[in-house]
Amino acid sequence: MPAAPRGEVDLSDSPSNARCRALSQFLAGVEVRAFKIAQAALRHEDDALDAVQDAMLQLARAYSDRPAEEWKPLFYRILENRIRDMQRRRTVRNRVMSWLPFRSEAGEDEPDPIAEAASDDPLPMRRLEIDEAMGALEKALTALPRRQQQAFLLRTLEGLDVAQTARAMGCSEGSVKTHYFRALQTLRAQLGELI
Amino acid sequence: MSRDFNGTADFESQLHTLLEESVQRVGGRARSRLNQARHAAIAEAARGSRWRLPRRAAAWLRLHLLWMPAGGAVAAAALVAFVLWPHAPQGYPAAEASPASVEDLDLVADGDGMDMMQGGDGQFYEWAMAQADQGGQPASAAPAGQGKPQGNQNAGTDPSPNPG
């Protein structure tokens, strides 16, 4: 079997390579949604990207030999743990930074000019409405309690069923239903007129 | 889902549409980083699987690794016991408390014997050397006047068997 070029992954036919291919397809399918979920929790793009990257690495390192149908709940469980770690670390960091007199916050959250560039959307009015609703939804989502937010996004955005969501969140199915229902109620109260 | 409420299903569906739209709008920078992260993860998995043992071998190894610390502790204890246990060199009989050794102890414990050891009796050493020169012949074969002292009472005074 010819060796893969330096720096690339050899995905030619063999059981382990087939598994790597399957893992690659799985990660490609969940990565953007996972990023959105992490972003809703962390409210910071780079932190969210770091969390997703860590979760991908951890899944590949420790659980890639598990059956493929277990990957999704496992991946979101790892991601959730990572998000929680980052939130804790951020809390400590903010506490420490608040004591420093020379800290500078300018430039930390500067918008990406490429992401902010205008596009050639054919329906600007429709887009404006969607933007408005999306902004309100994201704002309402970030205001949700963490568990409700998690249950709602895993169910609605990722499409996990109740059992998978319970496994990903590490709680009972009844808790998932409760969190999801409360999240839905809150969102409906806040966004009912916009959507 | 709670479809008993009027419009709840529609509301959920609209939320889903909005969220999907927000996913579509994720920027190129984030997508690029996610792509890199995915490749890194796959490389990690490939590297791991290259060195991964077959499932049965891994289970066997796990089982034996579990017992290895206990086995190691037992082996270390056995080694320590072997090193510390008093044992004679192989090929030699174990030391016994022979009558001769008890006699030697008596000599040392005796006050006269102590005087002799402290160098007060050069004659005894001369006699002992003469015995050695004669090839270890019995004391009865020694010339007159060089016999072994008779008892401890003569030690350090007169080596001759006949007092006076």
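The values are calculated or read from the model by the stated rules, or taken from the named source; none is laboratory data. In this text the structure is predicted, and so the values were computed from the model without any measurement. Reconstructed Cβ throughout: ideal geometry from the backbone, glycine too, with neighbour counts over all protein chains shown.
Things to note:
- Whenever a residue of the stretch B:9-32 is at the interface with chain A (Cβ under 7 Å from one of its Cβ atoms), its partners that are among the hydroxyl-bearing types (Ser, Thr, Tyr) and surrounded by 15 or more Cβ atoms within 10 Å (Cβ to Cβ), lying with C-beta atoms within less than 9 angstrom and at least six residues away or across chains, give the pairs B:Glu12/A:Thr156; B:Leu15/A:Thr156; B:His16/A:Thr156; B:Leu19/A:Thr156.
- Flag if A:Leu191 is buried (at least 17 other Cβ atoms within 10 Å of the Cβ), under 22 Å from B:Ala9 (Cβ atoms), among the hydrophobic types (A, V, I, L, M, F, W, C) and more than 9 Å from chain B (Cβ to nearest Cβ): no
- For the stretch A:153-168, the count of residues that are at pLDDT 80 or above, among the hydrophobic types (A, V, I, L, M, F, W, C), part of a loop (DSSP other than H, G, I, E, B) and surrounded by 18 or more Cβ atoms within 10 Å (Cβ to Cβ) is nonzero.
- Check on A:Arg19, over 30 Å from A:Lys139 (Cβ atoms) and modelled with pLDDT under 70: no
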